[in-house]
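Visitor: Sharing a structure here in structure tokens format.
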Amino acid sequence: WMLRMNNATTSVGVVSPTISDHRFTPAKRHECQSLLEDRFKGYPMLHSIMERAELVPPESCGHSRGRLQRWYDPVVSKRCVLTPTTAVTIDPLHSTGIAHGLAGVHRLSQWILGGGDAVGLQHYRTVVRKEADHLDRLVSLAYRCMHRFDAFTAACMVYFAAAIACEE
């Protein structure tokens, strides 16, 4: 992905099963940097953009994430309740945010309309955590199968069946 920010900075990322270790040693950091530099060689326009790109703070080099890209807890605090997509980012390739976010908004609205008790709020937090773990496992399965197209498509079918069921 390439997401242009409002300060002339662009966030660039690559979804890849290549780097899976959370411990980001200098060797892994170099591997990640090489992956980004080499990734666009087959795309002349993107390659020319990336060739001239420079890293800006806070990063001094590219970095890799493991399975869950971002997890922020507490989902629930004294003055704030996070929607699932605010608390967790799983995978841009599978677009987990839409269905997960809508399901969370629906649950929060039901909780508010039902009186908003503390037990219901803790239940919401537990459900968000369990859903994030479940989604992470489904997406991780697809990445582990990526080297075999038939297995990858089957794993993606399982994920999308879950997403469609959630949306319905």
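The values are calculated or read from the model by the stated rules, or taken from the named source; none is laboratory data. Just so it is clear, the model here is predicted, and its values are computed rather than measured. Using ideal geometry, Cβ is built from the backbone for each residue, glycine included, and neighbour counts are taken over all protein chains shown. Note: accessible area is taken over every heavy atom of the protein model, side chains too, but ligands, DNA and RNA are not part of it. Shrake-Rupley method; radii C 1.70, N 1.55, O 1.52, S 1.80 Å.
Visitor: When you go through (1) touching a Ser or Thr at 6+ places or on another chain (Cβ under 8 Å); (2) in contact (Cβ under 8 Å) with a residue 40 or more places away in the chain; (3) of a type in the set (Phe, Trp, Tyr) one by one for Tyr72, which number turns out not to apply?
Guide: (2)
Visitor: Next question. Any residue at all in the range 100-114 that is in contact (Cβ under 8 Å) with a residue 24 or more places away in the chain, in contact with a Lys or Arg (Cβ under 6 Å, 6 or more places away or on another chain), in a helix (DSSP H, G or I) and surrounded by 16 or more Cβ atoms within 10 Å (Cβ to Cβ)?
Guide: Looking only at the range 100-114, we keep the residues that are in contact (Cβ under 8 Å) with a residue 24 or more places away in the chain, and these are 100, 102-104, 108.
Remaining after also requiring in contact with a Lys or Arg (Cβ under 6 Å, 6 or more places away or on another chain): none.
Looking for residues that are in contact (Cβ under 8 Å) with a residue 24 or more places away in the chain, in contact with a Lys or Arg (Cβ under 6 Å, 6 or more places away or on another chain), in a helix (DSSP H, G or I) and surrounded by 16 or more Cβ atoms within 10 Å (Cβ to Cβ), one finds none in the range 100-114, hence no.
Visitor: Just name the residue that is surrounded by the fewest Cβ atoms within 10 Å (Cβ to Cβ) out of those in the range 115-133 that are touching a residue at least 12 places away in the same chain (Cβ under 8 Å) and not small (Gly, Ala, Ser). Please lay out each step first, then the result.
Guide: Within the range 115-133, the first condition is being touching a residue at least 12 places away in the same chain (Cβ under 8 Å), and the residues that meet it are 121-122, 124-125, 127-129, 131-132.
After this cut, where a residue has to be not small (Gly, Ala, Ser) as well, the list is 121-122, 124-125, 127-129, 131.
Numbers: Leu121: 15, Gln122: 12, Tyr124: 20, Arg125: 17, Val127: 15, Val128: 26, Arg129: 16, Glu131: 21.
Per the stated criteria, the residue is Gln122.
Visitor: Out of the range 78-99, which residues are touching a helix residue (DSSP H, G or I) at 6+ places or on another chain (Cβ under 6 Å) and open to solvent by 20 Å² or more (accessible area, probe 1.4 Å)?
Guide: Within the range 78-99, Thr83, Thr85, Gly97 qualify.
Visitor: Can you confirm whether Ala142 is surrounded by 19 or more Cβ atoms within 10 Å (Cβ to Cβ), aliphatic (A, V, I, L, M), in contact with a Cys (Cβ under 9 Å, 6 or more places away or on another chain) and modelled with pLDDT under 90? I'd like the intermediate steps shown before the answer.
Guide: Numbers: surrounded by 19 or more Cβ atoms within 10 Å (Cβ to Cβ): yes; aliphatic (A, V, I, L, M): yes; in contact with a Cys (Cβ under 9 Å, 6 or more places away or on another chain): yes; modelled with pLDDT under 90: yes.
Yes, satisfied.
Visitor: In the range 67-84, which residues are modelled with pLDDT under 85 and more than 30 Å from Ser34 (Cα to Cα)? Step through it out loud before you land on a result.
Guide: To start, the set of residues in the range 67-84 that are modelled with pLDDT under 85 comprises 67-79.
Those that are modelled with pLDDT under 85 and more than 30 Å from Ser34 (Cα to Cα): Asp73, Pro74, Val75, Val76, Ser77, Lys78, Arg79.
Visitor: Is it the case, given these coordinates, that Ser64 is open to solvent by 80 Å² or more (accessible area, probe 1.4 Å), at pLDDT below 75 and not in a helix (DSSP H, G or I)?
Guide: Here the answer is no, as Ser64 does not meet what is asked.
Visitor: Out of Ala155, Ala165, Ala151, I need the residue that is open to solvent by less than 60 Å² (accessible area, probe 1.4 Å), under 21 Å from the mean Cα position of the chain (by Cα) and aliphatic (A, V, I, L, M). Which one?
Guide: Just one listed residue meets the conditions, Ala155.
Visitor: How about the range 87-136: which of its residues are over 11 Å from Val75 (Cβ atoms) and of a type in the set (Val, Ile, Thr)?
Guide: Selection gives Thr89, Ile90, Thr96, Ile98, Val105, Ile112, Val119.
Visitor: Ok, one more. Taking the condition of being at pLDDT 70 or above, outside any loop (DSSP other than H, G, I, E, B) and not hydrophobic (A, V, I, L, M, F, W, C), how many residues in the range 4-36 meet it?
Guide: 4
Visitor: Kindly list the number of the only condition in (1) at pLDDT 70 or above; (2) in contact with a Phe, Trp or Tyr (Cβ under 8 Å, 6 or more places away or on another chain); (3) outside any helix (DSSP H, G or I) that fails for Lys41.
Guide: So Lys41 meets the others, but not (2).
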